[in-house]
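The values are calculated or read from the model by the stated rules, or taken from the named source; none is laboratory data. Quick caveat, the model's predicted, so the values are computed rather than measured. Cβ coordinates were reconstructed from backbone atoms using ideal geometry, including for glycine residues, and neighbour counts include every protein chain displayed. With ligands, DNA and RNA removed, areas are computed over all heavy atoms of the protein, side chains included. Shrake-Rupley method; radii C 1.70, N 1.55, O 1.52, S 1.80 Å.
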Amino acid sequence: MAGSLFVLGDFDAHACSMIDNFPYDIDPAEAAVDDTPPGMIAAVKVGEVGEGGGAGCSDCGGDSMHVSLSVTPGADDSTPSGDIGYELEVVDGEFPFSMPEGPIEGTFILLFSEHDYRVFTATLEVRPVDRAGNVGPGTRVEIRNAVANCNMTLGSGGGSVWLAILALQWFARRRRRGGGLTRGIQRQERA
């Protein structure tokens with residue numbers, strides 16, 4: 001059972017590092033000829049809120065948090081979908097993360113917080129931006145963290161899930177042992 005904790009746990013092999021979101025550049029030549037905004041974003045997937053200074057830094061130190069957004073882009077009339085940028089805005093709730101001030105590039109967005117690991121709920125709006133600076137319709141996503149202090153989830157290799165699995169295994173062994181003794185006693189009483 002202990003071996004399965006290592007196999008099933010989500011252990012990142014890379015070192016702790018901060019990944020910056022790079023600013024998205026607007027092309028003045030495109031802005032002069034394109035006034036059509038990009039289409040709706042196909043999907044936004046929100047990662048689990050993690051502890052530490054970045055992905056792979058889940059040390060339960062409680063001194064900071066990070067969360068990732070993975071965007072599946074929509075289409076635009078002139079900007080290739082892989083080159084579309086994104087604006088982020090908090091539209092509801094408390095979001096204790098540093099937000100980029102302008103559009104950023106890339107479909108993987110990593111946000112950091114210097115606040116202690118805490119419970120929060122927020123709604124973000126993610127809007128596509130093409131090279132001409134046209135802004136498309138927003139997609140809203142809810143980001144929440146319902147766990148305070150150390151986030152011991154199935155993916156982090158610990159927590160109440162593992163305790164429940166160990167307890168069930170212990171009860172199953174006791175039941176098998178007890179069942180065998182009961183059958184032996186019943187046989188002796190019949191004889």
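Values for this structure:
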{"read-out": "Listed residues Glu101, Glu30 arranged by accessible area, highest first, probe 1.4 Å", "value": "Glu101, Glu30"}
{"read-out": "Karplus (6.51, -1.76, 1.60) ³J(HN,Hα), θ = phi - 60°, over the range 85-98, in Hz, Gly and Pro reported as x", "value": "x, 9, 9, 10, 9, 7, 10, 6, x, 9, 10, x, 10, 6"}
{"read-out": "Approximate shape of the range 80-126 as ellipsoid semi-axes (Cα gyration tensor, √5λ), whole Å, largest first", "value": "23, 12, 9"}
{"read-out": "Ranked by how many other beta carbons lie within 10 Å on average, peptides 89-97, 106-114 from highest", "value": "106-114, 89-97"}
